[in-house]
Amino acid sequence: MLLDTIRMILLLFFLFTGVCPVTPSKIYVNVGELVTLNCGVCNYDATVILWKKENDQKTLLYSNMSTSEQQKLGLIFFQTHLVILNASVNHQGNYSCSPSSGASSQMWFNLTVCSKQSQDCNFRNTYSQRCTTIENCEPSCDEKKIIAEGIPDITSYNPKWNKENVEHRTHYNLSEELQEIGVYRCTLSFLYFGQVYNASFREVLFVPGAVKSQPTPGITVPREGQVFEVELGATVVISCRAVIDSCDDSLFWLRENYFVENNNSLRVFNNNTCEEKSSQMNASLVFRGVLEEDLYTNFSCKLESDELTQFGTITLRKKGGPPYLLLTMCTVCIVVLITVTVVTYVKFRIDVTLFMRDMFGFKGCQTYTSDGKSYDAFLMCYKSSFDGGLNEDDIKHLINTLEDQFGYSLCLYDRDVSPGQAVADAVLECVEQSRAVVLVPSLPDPEPGNNVLSAIHAFLVEQKTHLIFINTGEAEASTSGSFQEALQLLSKEGDSVTWKGRSSSSHFWKQLRYHLPAPQQVPKMQLLPQEC
């Protein structure tokens, strides 16, 4: 039911949108006869149609062929038509057509070339004609069924027809009882560059009568590929019904490629019944207790008669199994995905954050919403109470790397504070204009010094300024005083990054950049001409 609904939705979609259907058109032709593939149903607005053939994992492209090349291959390309003059096994395969304008839609054809002994083409290429009386009932032999008229250099002859001594069974849905009065073979001949080519089809004539049309022999149920939901251990009977010509026809079940025996003493057996009057035969596949080994195994109902061989293949599935299994698999996949994502982020959060910042923080012509700050960070040194601070060269290297390589705008006391300005006021002004404060332990006596840090720690806490401490991994000496108390208070509010020397790996710079806000300007080493 769901599959039929999907097919109906797709069909309506194709009809209303004008897109060519993706289901291949099945075309049957007798060997040695002419056949036409028509791409006009797609309403392509193009003067040239590109034809392709898919066969043996090869693709043959037919386009812009000369007349001599067409004659050599036995093909004619005209507008939306592809004519095969003399069909052979080599022409059998899948064809597609599309406009040369480059449209993505395609129309597909599946061409089957039948041998003269095969009845497939006879059944497939059979048309019906309803007459009012027997006296004026003749086959029409309409040339349009072949679609070969109007093609340059090709001439058609008067069609010929002859009656065939065969009984035709049809499945046409007729509103009243009709009587079949004859089956005729219509043959049309075409002259092309001195060579005559033939095409034929059958036509069944009906007139009102007392004889009701008979259904076409074949399996009516189950549908091909049908799935039956069963319970393990339960007794299950699956019926296969078919329309037959006589009870001499055979209808039986196969398990994979092995016969299911007509022996009711077995756990799995076949049971047949036949009704000659109604032309119905039934083959029942009986399970006395379904086992795990029966699930997902192909069972085929096969009909064999003199004129027809047909299969109907089904499988068994545990009732309620696949939805639960699918739900379990989806749940496991989601849990694994979330776990991998969390573990990856925890382990590589610094690299991920910096990558996203580099990609979207200041790349190209992207602008920033200003927060009113003039500097990215205020770098302030304080006197280390232990022999583990940075020397002057290390501090210069730290400043140059942040400004030149990573593009940070730093506020430095000895460079950006106006001379003569009160030290505490100048530092507070620098802090207010900066988005973060970086505290660096220093071996030489720094400016503005530890006293200023002690004086402004309350302001830093009140303003909730982002603090980053650079430490050297050395344990600080335990000293008393207002400075040490201020340092301890501030360290609880900030992030700590360990300095291990200029020759250390890039891990220090990754951590420092991770804790610092993204710079508001492009690094100097990346300033290249760009078009915004």
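Working only within segment 169-199, note down all residues that are modelled with pLDDT of 85 or more, touching a strand residue (DSSP E or B) at 6+ places or on another chain (Cβ under 6 Å) and not aliphatic (A, V, I, L, M). Of everything in segment 169-199, those that are modelled with pLDDT of 85 or more, touching a strand residue (DSSP E or B) at 6+ places or on another chain (Cβ under 6 Å) and not aliphatic (A, V, I, L, M) turn out to be 184, 185, 186, 187, 189, 190, 192, 197, 198. Quick check, is residue 307 surrounded by fewer than 13 Cβ atoms within 10 Å (Cβ to Cβ), assigned by TED's automatic domain parsing to the domain that holds residue 239, out of contact with any strand residue (DSSP E or B) (no Cβ under 6 Å at 6 or more places or on another chain) and in a helix (DSSP H, G or I)? Considered against the rule, which asks whether it is surrounded by fewer than 13 Cβ atoms within 10 Å (Cβ to Cβ), assigned by TED's automatic domain parsing to the domain that holds residue 239, out of contact with any strand residue (DSSP E or B) (no Cβ under 6 Å at 6 or more places or on another chain) and in a helix (DSSP H, G or I), residue 307 comes out as no. Just to be sure I understand, how many residues within segment 72-92 are touching a strand residue (DSSP E or B) at 6+ places or on another chain (Cβ under 8 Å) and within 15 Å of residue 115 (Cα to Cα)? Of the residues in segment 72-92, 6 are touching a strand residue (DSSP E or B) at 6+ places or on another chain (Cβ under 8 Å) and within 15 Å of residue 115 (Cα to Cα). Scanning segment 274-304 for residues that are touching a residue at least 40 places away in the same chain (Cβ under 8 Å), acidic (Asp, Glu) and in a strand (DSSP E or B) turns up just one, 304.
Is it the case, given these coordinates, that residue 384 is within 23 Å of residue 515 (Cα to Cα), modelled with pLDDT of 90 or more and either assigned by TED's automatic domain parsing to the domain that holds residue 357 or not basic (Lys, Arg) (or both)? When the stated conditions are applied, residue 384 does not pass them.
Rundown of residues vs (1) at pLDDT 85 or above; (2) surrounded by fewer than 16 Cβ atoms within 10 Å (Cβ to Cβ); (3) assigned by TED's automatic domain parsing to the domain that holds residue 273, yes/no style:
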{"residue": "214", "(1), (2), (3)": "no, yes, no"}
{"residue": "230", "(1), (2), (3)": "yes, no, yes"}
{"residue": "233", "(1), (2), (3)": "yes, yes, yes"}
{"residue": "239", "(1), (2), (3)": "yes, yes, yes"}
{"residue": "242", "(1), (2), (3)": "yes, no, yes"}
{"residue": "245", "(1), (2), (3)": "no, yes, yes"}
{"residue": "251", "(1), (2), (3)": "yes, no, yes"}
{"residue": "254", "(1), (2), (3)": "yes, no, yes"}
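Please specify each residue of segment 238-271 satisfying the condition of being in a strand (DSSP E or B), free of Cβ contacts under 8 Å to residues at least 24 places away in the same chain and not hydrophobic (A, V, I, L, M, F, W, C). Correct list: 258, 270, 271.
Looking across 338, 314, one residue alone is within 22 Å of residue 224 (Cβ to Cβ) and at pLDDT below 95. It is 314. Restricting the search to strands (runs of 3 or more DSSP E) fully inside segment 10-78 and requiring at least 1 residues that are surrounded by fewer than 16 Cβ atoms within 10 Å (Cβ to Cβ), among the charged types (D, E, K, R) and modelled with pLDDT under 75 gives 58-62. Could you list, in sequence order, all residues of segment 417-442 that are part of a loop (DSSP other than H, G, I, E, B) and not β-branched (Val, Ile, Thr)? The answer is 418, 419, 420, 421, 422, 433, 435. In segment 81-95, the residues that are surrounded by fewer than 14 Cβ atoms within 10 Å (Cβ to Cβ) never reach a residue that is aromatic (Phe, Trp, Tyr) with C-beta atoms less than 6 angstrom apart, at least six apart or across chains.
The values are calculated or read from the model by the stated rules, or taken from the named source; none is laboratory data. Just so we're clear, the structure is a prediction, and the values are computed from it rather than from any experiment. Reconstructed Cβ throughout: ideal geometry from the backbone, glycine too, with neighbour counts over all protein chains shown.
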